[in-house]
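Right, one structure below, let's go through it.
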């Protein structure tokens, strides 16, 4: 049996404020008439991040270090010990920087900032197969929390003085760029940054430290208790594990990331979302930001990666073996797609090894195109074929970052296929979004990692 009576007189307490750089979707497992996947909400109807989610992603991020860290506790037959880490839920931060903890003294519907969180955005998804049509069970939607939203949580570590370095590892893991929260983290959601991290190290054998510890409120709205400086500093990406591609893109003319709904000007409109921006410590909603969903980029890249992998492996439709078919080399059956983007087949699955994020741009000009299909026999418009589409127009440059686990490159031709697809993207040969057959969605740009690899 392990000795569980060791004096735990040391307390390291962390107060962490995170900001969602992309929308976050921590699912509740429930659905309703509006969406297939609702986010988890607290008693006030506001989104929050459960402590169990925080503990799970942090332990996973620490990998072997987390598994070997005796702070997490263990259970083995009759032997075991509880965790020495105590997480709180991550509660929503108001526009003035205070934290919502407990029942507010006003009706949230009357609060200009918090009232927005009672009706959250709903993302529409559709999975397109190699034939260009939606795949079966590939149409769904999910509720998300606005990008820019801030959450605050606290973490307490009890130890006897020997775990200071392990607390340092926890602090570093919390600020790792590859740590994400919630669902669809391989599809652009869940990215965040730590904007404030304070660490109080207390020795409860010291009378003054003990008095301060006992004076601490359990409420997250207790910023006055903290006198420690902000030590937030992003942890560098592990270059041995991850390959980073920074892709700078600029639209040639028009692009169309469809919302699936129309407005009073057009039947088809680009998707936009609201987000929170923080200036001088105050949060403010900005509306109708142009959204380039990571899922649109991921889907286009996956199809093009499959094409290039088949080309490099010399798997052509007219030269397949007797026991081979086209379906063996497209979609989830393609080795490169499975290695990079994950799969779910016949009861087995594996998550992807590519992380990319939604891109949210400032509003750009919109142009309305009128379309009509002419009946070649009558010369008139065909019934139901007159429609308008509104597209985004502008030359706003943005950067798309891909983080790829290098273990995926162990599969033959995977790296070459991915980089060939990226070259197609930055040379305008791989358009993004909708209406690409009508000339929309062409981007050009550069990727320094590709140029350095060529040298």
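Coordinate-derived values only; no laboratory data. Quantities reported herein were computed from a predicted structural model and do not represent experimental measurements. A quick note on method: Cβ atoms are made from the backbone with ideal geometry, for glycine too, and the neighbour counts reach across all protein chains shown.
If I model a spin label as a point 7 Å beyond the Cα along the Cα-Cβ vector, how far apart are those points for residue 128 and residue 162 in nm?
It works out to 5.8 nm between the two label points.
How far is helix 51-62 tilted off the main Cα axis of the chain, in degrees rounded to 10, range 0 to 90?
Computed tilt is about 80 degrees.
Roughly speaking, what is the stretch gain from residue 324 to residue 221, that is 0.36 nm per residue apart minus the C-alpha to C-alpha distance, in nm to one decimal?
30.8 nm
If you take all C-alpha pairs in the stretch 372-419, what percent of them are over 15 Å apart?
Value for the stretch 372-419 (Cα pairs over 15 Å): 71 percent.
May I ask you to sort 235, 295, 427 by Cβ crowding, counting other Cβ atoms within 10 Å and putting the fewest first?
Arranged by neighbour count, lowest to highest, 235, 295, 427 become 427, 235, 295.
For labels at residue 34 and residue 237 in the simple 7 Å Cα→Cβ model, what's the distance in nm?
Inter-label distance under the simple model: 3.5 nm.
For residue 252 and residue 7 in one chain, what is 0.36 nm times their gap in residues minus the Cα-Cα distance, to one decimal in nm?
So the extension gain works out to 81.7 nm.
Percent relative contact order of the chain, based on C-alpha pairs within less than 8 angstrom and at least six residues apart?
Once divided by the residue count of the chain, the mean separation gives 19 percent.
Express in nm, to one decimal, how much length is gained between residue 211 and residue 448 on full extension, taking 0.36 nm for each residue of separation and deducting their alpha carbon distance.
Taking 0.36 nm per residue and subtracting the Cα distance, the gain is 79.8 nm.
Run the simple label-point estimate for residue 70 and residue 317 please: 7 Å along Cα→C-beta, distance reported in nm.
Taking the two extended label points, one gets 6.3 nm.
Rounded to the nearest angstrom and ordered from largest down, what semi-axes does the equivalent ellipsoid of the stretch 10-225 get from its C-alpha gyration tensor (root of 5λ)?
Value: 34, 24, 14 Å, ordered largest first.
I'd like the projected area of the stretch 242-454, averaged over all directions, using the convex hull of its alpha carbons. Report it in nm² with one decimal.
For the Cα atoms of the stretch 242-454, the hull's average projected area reads 17.4 nm².
What number, in nm² with one decimal, is the all-direction average of the projected area of the convex hull of the alpha-carbon atoms of the chain?
Directional mean of the projected Cα hull area for the chain stands at 29.2 nm².
With 5 Å bins from zero, work out the P(r) of the stretch 142-222 over every alpha carbon pair and list the percent per bin.
The distribution over the stretch 142-222 is 3, 10, 18, 18, 17, 13, 9, 6, 3, 1, 0, given as percents.
Roughly how many Å is it from the Cα centre of the stretch 198-271 to that of the stretch 415-444, as a whole number?
If we compute the Cα centre of each part, the gap is 31 Å.
Add -39500 (n - 2.57) for each DSSP H run of 4 or more in the chain, then divide by its residues: what number comes out at 222 nm, to the nearest 500 deg cm²/dmol?
Computed ellipticity for the chain at 222 nm equals -5500 deg cm²/dmol.
Taking Cα centroids, how far is the stretch 152-195 from the stretch 278-297 in Å?
What the calculation gives is 23 Å, centre to centre.
Give the relative contact order (percent, whole number) for the stretch 10-225; include only Cα pairs under 8 Å separated by 6+ residues.
Computed value for the stretch 10-225: 39 percent relative contact order.
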